[in-house]
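Colleague: Just dropping this structure here.
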Amino acid sequence: MREIDVRDITKIVARLCIESNYFATDDLVKATEESILKEESPAGRAALEKIRENQKIAAAEELAICQDTGVAVVFIEAGQDAHFIGGDLEQSIHEGVRQGYRDGYLRKSVVEDPLRRKNTGDNTPAVIHIRIVPGDKVKITIAPKGGGSENMSTVKMFAPSAGREGIIKFVVDWVKQAGANPCPPTVVGVGIGGTFEKVAMLAKMALLRPIGQPNPDPFYADMEKEILQKINALGIGPQGFGGRITSFAVHIETHPCHIASLPAAINMNCHVSRHQSFIL
């Protein structure tokens, strides 16, 4: 049994909160640069060039890539042979978020009640997802989620007869309806299967995959490619200025489901598509 002090968790969470908001990941930089070369619309290309310039400035000056530094969504993959000591795991995560958003001068965007709307003042509580996995390691992933893209999320419970084509139409129509609201170019996370709550998590988890990495199942990889082509034919373009690049990628994650159900969900990341991980 390996012991892990939760104070180390706090330190790592704080650092990842800052790094995920300051530094574009390598896959995001690559997707942005490739899109600049592909984009045919002058306005769209100019928007992409500004997005890339913003990434460079944020990294060089250690500033937030976007003013909306999001709700801190935290994924923990905890090895079953790891034993946490020194305090409460979830409280240590909240404390890490509190410290990271304070020390990184990141905007505090969380209200303590959804209807009475008083700001908590420190961007806590985080949204925490913990999964038990084999081994004694702990993987921590921070994925700050801004309001603009998160508001463009949806879940639909289809009848199984909707099939492949029904899901494709659902995703393309939803992206068309969303327009410029999620700050494109987006990464479109699609969940298929499971149950009402599981499919939403699948769509969220799909956003953690490196941009453009296909689903390992060729059936779904082809589906991702087809949906992306249809989305980029909509003409919404970077930041809604028109063009070919409305989305960087479409990522599909699936799960077995009930014989009478075909759940589907969409969760989008905006053009900053933030997430950072560390294995302890």
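The values are calculated or read from the model by the stated rules, or taken from the named source; none is laboratory data. From a predicted model like this one, the values you see are computed outputs, not experimental measurements. Every residue, glycine among them, receives a Cβ derived from its backbone with ideal geometry; neighbour counts consider all protein chains shown.
Colleague: What is the one condition in (1) assigned to a helix (DSSP H, G or I); (2) touching a residue at least 60 places away in the same chain (Cβ under 8 Å); (3) under 25 Å from GLY70 (Cα atoms); (4) out of contact with any strand residue (DSSP E or B) (no Cβ under 7 Å at 6 or more places or on another chain) that ALA180 does not satisfy?
Modeller: (1)
Colleague: Quick one: which of GLU53, GLU33, GLU77 is in a helix (DSSP H, G or I) and either closer than 23 Å to ALA206 by Cα or among the aliphatic types (A, V, I, L, M) (or both)?
Modeller: GLU33
Colleague: Could you list all residues from the range 25-45 that are surrounded by fewer than 16 Cβ atoms within 10 Å (Cβ to Cβ), more than 20 Å from the chain's Cα centre (by Cα) and touching a residue at least 40 places away in the same chain (Cβ under 8 Å)?
Modeller: Matches in the range 25-45: LYS38, GLU40, ALA43.
Colleague: Identify, from the list GLY104, GLY121, the residue that is touching a helix residue (DSSP H, G or I) at 6+ places or on another chain (Cβ under 8 Å), closer than 18 Å to THR69 by Cα, outside the structural domain of ALA233 (by TED's automatic domain parsing) and not β-branched (Val, Ile, Thr).
Modeller: Residue meeting the stated conditions: GLY104.
Colleague: Also, I was wondering about something else. Which residues, taken from the range 56-73, are in contact (Cβ under 8 Å) with a residue 40 or more places away in the chain, crowded, with 18+ Cβ neighbours inside 10 Å and at negative phi?
Modeller: ALA64, ILE65, CYS66, ASP68, THR69, VAL71, ALA72, VAL73 - these are the residues of the range 56-73 that are in contact (Cβ under 8 Å) with a residue 40 or more places away in the chain, crowded, with 18+ Cβ neighbours inside 10 Å and at negative phi.
Colleague: Of the residues that make up the range 239-247, is at least one closer than 25 Å to GLY44 by Cβ and aromatic (Phe, Trp, Tyr)?
Modeller: Yes: one or more hits.
Colleague: Also: Could you look through the range 108-138, keep only residues that are of a type in the set (D, E, K, R) and free of Cβ contacts under 8 Å to residues at least 60 places away in the same chain, and pick out the one that is farthest from THR10 (Cα to Cα)?
Modeller: Step one: of the range 108-138, the residues of a type in the set (D, E, K, R) are 108, 112-113, 116-118, 122, 131, 136-137.
Those still in the list that are free of Cβ contacts under 8 Å to residues at least 60 places away in the same chain too: 108, 112-113, 116-118, 122, 131.
Working: LYS108: 18, GLU112: 21, ASP113: 25, ARG116: 29, ARG117: 27, LYS118: 25, ASP122: 15, ARG131: 18 Å.
It comes out as ARG116.
Colleague: In addition: Which residue, of VAL175, VAL250, is assigned to a strand (DSSP E or B) and farther than 24 Å from ALA78 by Cα?
Modeller: Testing whether each residue is assigned to a strand (DSSP E or B) and farther than 24 Å from ALA78 by Cα leaves just VAL250.
Colleague: Out of ILE93, ILE85, report the one residue that is buried (at least 21 other Cβ atoms within 10 Å of the Cβ) and farther than 25 Å from LEU234 by Cβ.
Modeller: On the way: ILE85 fails: buried (at least 21 other Cβ atoms within 10 Å of the Cβ).
One residue alone meets the criteria, ILE93.
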